[in-house]
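Notes follow once the structure below has been shown.
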There are 2 protein chains.
Amino acid sequence: MNIDEIHAARDRLAGHARRTPLLSSPFLDELAGRRVLVKAECLQHTGSFKFRGAWSAISALDPDVRARGVLAYSSGNHAQGVARAAQIHGCPAVIVMPADAPALKIANTRGFGAEVVLYDRARESREEIGGALASERGLTLIPPYDHPMVIAGQASCGIEIAEDLPDTTADVLVCCGGGGLTSGMALAFEHHAPGLRVRPTEPDGFDDMARSLQAGEIRRNSSTTGSICDAILTPAPGDLTFPILNRLAGPGLTVSDDQAMHAMALAFKRLKLVAEPGGAVALAAALFRADEIVGDTVVCVISGGNVDPALFAEALGKFGDA
Amino acid sequence: MNIDEIHAARDRLAGHARRTPLLSSPFLDELAGRRVLVKAECLQHTGSFKFRGAWSAISALDPDVRARGVLAYSSGNHAQGVARAAQIHGCPAVIVMPADAPALKIANTRGFGAEVVLYDRARESREEIGGALASERGLTLIPPYDHPMVIAGQASCGIEIAEDLPDTTADVLVCCGGGGLTSGMALAFEHHAPGLRVRPTEPDGFDDMARSLQAGEIRRNSSTTGSICDAILTPAPGDLTFPILNRLAGPGLTVSDDQAMHAMALAFKRLKLVAEPGGAVALAAALFRADEIVGDTVVCVISGGNVDPALFAEALGKFGDA
């Protein structure tokens, strides 16, 4: 990974990904005890930053290869990002999804023109199904995070923040699953805004990245279910993303599911944004882990907004008046 | 009102108001049968476009006059816009609000540093209370819409759209109360984007502007209560705003409260935006009054997002899966 790959991805994304705004509210500043700047990546196409990496990877393919189609495994935001980026490129997309994935996510992925292949988590292997389809049709796999072109695409989110905040020194809290967004942003900041330091933010009990950074080597989560922050529950840091973060990231932060829901309600009330639980953990840390953060400004990314209406209503019921 | 006043307001707003994004979703395009572009003015400071007009009016005051303070009557978005614009200017703001206004709106207005004076709607006159305070302290009244500097400020929203959509021909649907935003945008388009035509959008039964445009003279609403679209229930078009719209606007559109709530749920699901009912009527018309709209592109403004969590949850419950 070098900065030229990141700049090339930024150029491929120009005019296709949205430049998302950096928002703020004096009420959030007061709550956090410092200035809070929120990168509204939930406003990205398909409702999450994943569109950036998917577009970067698909646009980097040789036209002949791309024309045969792409493949992804995902039940969530990566599925939608790949489906939409492929649709705009006019190439086929096959998304292998668990049959018990939320009906809405399956419908959305189909709505973006992808062929959805369902599998039974208990009896079947998605890699076997995907591998067979890939070799039969010549599809190219687009991994969710551990891929140079995906990381380079996510880096564009960091370049935008660097452009918006020249000469700023601040911690930048990033909702972290496999580390694609966090590592891409870290590389962007290294080159464009050395005063900005990424800090991965995870749900309590699923802090594989925080523990890996502390240990200096990859540590795994013992489980990938049991938090409402489904979008960022990954088994372990990636082989590409971890070394980048080990070199560039500050210590990880964690928040509880209730704090993530509280942050969702505050994003609703103070920013008029819809955040999903996994997309709200960085804002939650900015607000509720203030003593672990240094400096008079903190930046945080709301990384996605694809949340079930019932769960969102639950967050408003619990924390809407808080 | 001339275009120089509008350009001067735009210049005063530069670096203070947010340039809000123009968003879209292929799912909304499909529903509407044409391309739908959404101006996300709910992301403006204080959660509505009202900050633009308030900033414009307050920044245009002589410094000596401004230092004595400003006054507004409002229980809603204008109150917050004036309070915040005054706070940043470092001048006092007195907001006269009904004692039965929602506690959250009173708290927010106070949170922006304003002095809130409560009055009893049944027994007291807000004009009497406000007038006495104004003459005693030398406060300047900032009206909600019928004021050249307020209209010039709202026009900046139209200039941004004109810059984003050069050489486009389209109807631009605007949530319309007294007509400050709609008339300001109409003047901006007249000069900068003659292919764009504003069309005021109102709740069924509160279509004073639509009826006035049809009659060619001001018609009043028989009531200003009875719709959930509280932000845009005004007694009649303004004496300044109506002649502008009579000259420049296309026919008005109306939607039901249920359609406004449905549009709120779709803004949540497809755009990740929080819209209040009165702020969602233009999107509702774009989606559900498609046969009254011409052209292959429609623009609509989500004008505000200051909605009670319980009402928002109700909209999600009713239309979140639709």
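The values are calculated or read from the model by the stated rules, or taken from the named source; none is laboratory data. Computed from a predicted structure; not experimentally measured. Don't worry about glycine lacking a Cβ; one is built from the backbone with ideal geometry, like all the others, and counts go over all protein chains shown.
Yes/no matrix, rows are residues, columns are (1) over 23 Å from A:Asp230 (Cβ atoms); (2) modelled with pLDDT of 95 or more:
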position: A:Asp62; (1), (2): yes, yes
position: A:Ala72; (1), (2): no, yes
position: A:Ala93; (1), (2): no, yes
position: A:Leu104; (1), (2): no, no
position: A:Asn108; (1), (2): no, no
position: A:Gly113; (1), (2): yes, yes
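The number of residues in the stretch B:291-322 that are touching a Cys at 6+ places or on another chain (Cβ under 7 Å) and facing chain A (nearest Cβ under 10 Å) comes to 3. Being free of Cβ contacts under 8 Å to residues at least 12 places away in the same chain and either surrounded by 24 or more Cβ atoms within 10 Å (Cβ to Cβ) or under 17 Å from the mean Cα position of the chain (by Cα) (or both), is that true of even one residue in the stretch A:266-276? Yes, the stretch A:266-276 has at least one match.
Within the stretch A:78-131, the set of residues being more than 22 Å from A:Gly53 (Cβ to Cβ) and buried (at least 22 other Cβ atoms within 10 Å of the Cβ) is empty.
Just checking, does the stretch A:142-150 include any residue being of a type outside the set (Lys, Arg), at pLDDT 90 or above and touching a Leu at 6+ places or on another chain (Cβ under 6 Å)? Checked the stretch A:142-150: at least one residue is of a type outside the set (Lys, Arg), at pLDDT 90 or above and touching a Leu at 6+ places or on another chain (Cβ under 6 Å). Taking (1) in a strand (DSSP E or B); (2) within 14 Å of another protein chain (Cβ to nearest Cβ) in turn, B:Gly113 satisfies each apart from (1).
For A:Leu271, the conditions (1) within 17 Å of A:Gly47 (Cα to Cα); (2) more than 14 Å from chain B (Cβ to nearest Cβ); (3) of a type in the set (A, V, I, L, M) are fulfilled apart from (2).
Residue count for the stretch A:157-188 satisfying the condition of being of a type outside the set (A, V, I, L, M) and buried (at least 24 other Cβ atoms within 10 Å of the Cβ): 11. The condition of being out of contact with any strand residue (DSSP E or B) (no Cβ under 7 Å at 6 or more places or on another chain), under 25 Å from A:Leu253 (Cα atoms) and assigned by TED's automatic domain parsing to the domain that holds A:Asn246 holds for only one of A:Thr182, A:Thr169, that being A:Thr169.
Among the residues of the stretch B:6-26, those that are surrounded by fewer than 18 Cβ atoms within 10 Å (Cβ to Cβ) and among the aliphatic types (A, V, I, L, M) comprise B:Ala8, B:Ala14, B:Leu22.
Of B:Ala32, B:Ala54, all but one fail to be in contact with a strand residue (DSSP E or B) (Cβ under 9 Å, 6 or more places away or on another chain), more than 14 Å from chain A (Cβ to nearest Cβ), touching a residue at least 24 places away in the same chain (Cβ under 8 Å) and buried (at least 24 other Cβ atoms within 10 Å of the Cβ); the exception is B:Ala54.
On inspection, A:Leu37 passes the criterion of being touching a residue at least 12 places away in the same chain (Cβ under 8 Å), surrounded by fewer than 24 Cβ atoms within 10 Å (Cβ to Cβ) and assigned by TED's automatic domain parsing to the domain that holds A:Ala152. If only residues of the stretch B:238-265 that are more than 20 Å from B:Leu196 (Cβ to Cβ) and of a type in the set (Gly, Ala, Ser) are counted, the one that is surrounded by the most Cβ atoms within 10 Å (Cβ to Cβ) is B:Ala260. Would a scan of the stretch A:247-266 turn up a residue that is touching a strand residue (DSSP E or B) at 6+ places or on another chain (Cβ under 6 Å) and in a strand (DSSP E or B)? Yes, some residue in the stretch A:247-266 is touching a strand residue (DSSP E or B) at 6+ places or on another chain (Cβ under 6 Å) and in a strand (DSSP E or B).
Kindly provide the set of residues from the stretch A:277-315 that are more than 28 Å from B:Met264 (Cα to Cα), assigned to a loop (DSSP other than H, G, I, E, B) and in contact (Cβ under 8 Å) with a residue 40 or more places away in the chain, ordered by number. Hits for the stretch A:277-315 are A:Ile293, A:Val294, A:Gly295, A:Asp296. Does B:Gln44 qualify as being within 21 Å of B:Ile142 (Cα to Cα), surrounded by fewer than 20 Cβ atoms within 10 Å (Cβ to Cβ) and within 14 Å of chain A (Cβ to nearest Cβ)? When the stated conditions are applied, B:Gln44 does not pass them.
Against the test of being touching a Gly at 6+ places or on another chain (Cβ under 7 Å) and more than 27 Å from A:Leu104 (Cα to Cα), the options A:Ala54, A:Ala14, A:Ala67, A:Ala9 yield a single qualifying residue, A:Ala9. Annotation: of all residues in the stretch B:132-142 being touching a residue at least 60 places away in the same chain (Cβ under 8 Å) and in a helix (DSSP H, G or I), the one that is surrounded by the most Cβ atoms within 10 Å (Cβ to Cβ) is B:Ala134.
Filtering A:Pro243, A:Pro237, A:Pro251 for residues that are free of Cβ contacts under 8 Å to residues at least 40 places away in the same chain, more than 14 Å from chain B (Cβ to nearest Cβ) and not polar (S, T, N, Q) leaves a single hit, A:Pro243.
Restricting B:Val281, B:Val294 to residues that are more than 16 Å from the chain's Cα centre (by Cα) and either under 17 Å from B:Val172 (Cβ atoms) or surrounded by fewer than 21 Cβ atoms within 10 Å (Cβ to Cβ) (or both) narrows the list to B:Val294. With the structure loaded, tell me whether A:Ala155 is under 22 Å from A:Glu5 (Cα atoms) and in contact with a Leu (Cβ under 9 Å, 6 or more places away or on another chain) or whether it fails that test. Against the criterion (under 22 Å from A:Glu5 (Cα atoms) and in contact with a Leu (Cβ under 9 Å, 6 or more places away or on another chain)), A:Ala155 qualifies. Could you go through the stretch B:113-125 and let me know if any residue there is in contact (Cβ under 8 Å) with a residue 60 or more places away in the chain and under 22 Å from the mean Cα position of the chain (by Cα). Taking every residue of the stretch B:113-125 in turn, none turns out to be in contact (Cβ under 8 Å) with a residue 60 or more places away in the chain and under 22 Å from the mean Cα position of the chain (by Cα).
B:Ala322 falls short of the stated requirement of being hydrophobic (A, V, I, L, M, F, W, C), surrounded by fewer than 21 Cβ atoms within 10 Å (Cβ to Cβ) and part of a helix (DSSP H, G or I). Across the stretch A:143-156, not a single residue is classified as farther than 30 Å from A:Pro21 by Cβ and surrounded by fewer than 19 Cβ atoms within 10 Å (Cβ to Cβ). Apart from one condition, A:Ile228 fits all of (1) surrounded by 24 or more Cβ atoms within 10 Å (Cβ to Cβ); (2) of a type in the set (A, V, I, L, M, F, W, C); (3) under 30 Å from B:Leu311 (Cα atoms); the exception is (1). Would you say B:Thr234 is within 19 Å of B:Lys50 (Cβ to Cβ), touching a Leu at 6+ places or on another chain (Cβ under 8 Å) and modelled with pLDDT under 95? Answer is no for this residue. Of the residues making up the stretch B:70-109, those that are touching a Phe, Trp or Tyr at 6+ places or on another chain (Cβ under 7 Å) and not in a helix (DSSP H, G or I) are B:Val96, B:Pro98, B:Ala99. Of all residues in the stretch A:14-27, none are part of a helix (DSSP H, G or I), within 14 Å of chain B (Cβ to nearest Cβ) and touching a strand residue (DSSP E or B) at 6+ places or on another chain (Cβ under 7 Å).
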